[in-house]
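Before any comments, here is the structure.
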Amino acid sequence: MRPFSVVHSLIFDPKTRRITGVRVIDGQTKQPVELHAKVVFLCASTLESAHILMNSATPEFSTGLANSSGQLGRNLMDHMMGSGASGIIPGHEDRVQIGNRPNGIYVPRFRNVKDKHPGFVRGYGFQGGGSRDDWGRGSETAGFGADFKHMLRQPGSWRFTFASFAECLSHPDNRMELDKNKVDAWGIPS
Ligand SMILES: Cc1cc2nc3c(=O)[nH]c(=O)nc-3n(C[C@H](O)[C@H](O)[C@H](O)COP(=O)(O)OP(=O)(O)OC[C@H]3O[C@@H](n4cnc5c(N)ncnc54)[C@H](O)[C@@H]3O)c2cc1C
């Protein structure tokens, strides 16, 4: 384990045609360090793994390692989040759920099934359910101190939430690229 190690790029050995290590920038001294290993796992998440492969370009692989297809950094997909509605249902404050929360509901995809909409493909469903607000409501409630903490330990209002779950389709133009003129805090092209 080596803390404060920001990976700059992979080291490619043209003789063996293998990755032999990583170039690292020390996060505190900002000095470059090379670390060698028999096996290198690249698992810096979606964007950073692509970023590191792009920065690992060699004269032979000028657009980045593992990019013979030209697909490196393309087809980025995200998932829909926060689209839906949620509302407080007043009343029944004397009731609490026993055991697990009330059962959830699911509305399966009902649009764009047979009659295809010209504006979009595929579809979406909705998931939801009822529950009593818990301590998590503290993130959007003003207050602090012992009384505030005590209040958050008590059940909040009943709430019903309905959220859409939709697909983001892969598209080659949904992509990330390196800006050769910009570097990050460690001097790494980003
Ligand atoms: C708010 C939120 C909620 C989520 N909820 C769910 C869920 O309910 N269910 C589910 O299945 N998934 C969920 N996910 C997705 C899930 O967390 C991720 O898909 C998963 O953690 C990705 O794992 P990973 O190992 O690929 O990347 P990460 O967990 O992101 O790990 C990458 C690591 O690499 C390090 N790193 C990056 N660049 C460098 C570098 N240059 N040098 C050194 N280190 C580097 C990072 O610091 C990080 O520690 C959620 C994600 C978010 C953000």
Which pairs have Cβ atoms under 6 Å, sit 6 or more apart or on different chains, and link a residue in the range 24-45 that is over 16 Å from Trp186 (Cα atoms) to one that is small (Gly, Ala, Ser) and within 9 Å of the ligand (Cβ to nearest atom)? Leu42/Ser49
What number of residues in the range 2-53 are open to solvent by 60 Å² or more (accessible area, probe 1.4 Å), in a loop (DSSP other than H, G, I, E, B) and within 12 Å of the ligand (Cβ to nearest atom)? 7
Looking at Asn67, is it more than 15 Å from the chain's Cα centre (by Cα), closer than 16 Å to Met176 by Cβ, within 14 Å of the ligand (Cβ to nearest atom) and open to solvent by less than 30 Å² (accessible area, probe 1.4 Å)? no
Is it the case, given these coordinates, that Met81 is loosely packed, with under 11 Cβ neighbours inside 10 Å and within 12 Å of the ligand (Cβ to nearest atom)? yes
Close pairs (6 angstrom Cβ cut-off, 6 or more residues apart or separate chains): in the same structural domain as Arg132 (by TED's automatic domain parsing) and closer than 20 Å to Phe165 by Cβ in the range 90-119, hydroxyl-bearing (Ser, Thr, Tyr) and open to solvent by less than 100 Å² (accessible area, probe 1.4 Å) anywhere: Arg101/Ser131
Take the conditions modelled with pLDDT of 95 or more, on the phi > 0 side of the Ramachandran plot and within 12 Å of the ligand (Cβ to nearest atom) and apply them to Ser56. Does it pass? no
Residues to consider are Gly99, Gly91, Gly187; find the one that is part of a loop (DSSP other than H, G, I, E, B), at positive phi and within 25 Å of the chain's Cα centre (by Cα). Gly187
Given the structure, is Leu76 more than 15 Å from Glu177 (Cβ to Cβ), in a loop (DSSP other than H, G, I, E, B), within 16 Å of the ligand (Cβ to nearest atom) and touching a residue at least 24 places away in the same chain (Cβ under 8 Å)? no
Among the residues of the range 129-150, what is the count of those that are open to solvent by 70 Å² or more (accessible area, probe 1.4 Å) and part of a helix (DSSP H, G or I)? 7
Report whether or not Ser62 is more than 16 Å from the ligand (Cβ to nearest atom), among the hydroxyl-bearing types (Ser, Thr, Tyr) and more than 30 Å from Arg132 (Cα to Cα). yes
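The values are calculated or read from the model by the stated rules, or taken from the named source; none is laboratory data. For clarity, every value in this text was computed on a predicted model and none was experimentally measured. Glycine gets a Cβ as well: all are built from the backbone with ideal geometry, and neighbour counts include every protein chain shown. Note: accessible area is taken over every heavy atom of the protein model, side chains too, but ligands, DNA and RNA are not part of it. Shrake-Rupley method; radii C 1.70, N 1.55, O 1.52, S 1.80 Å.
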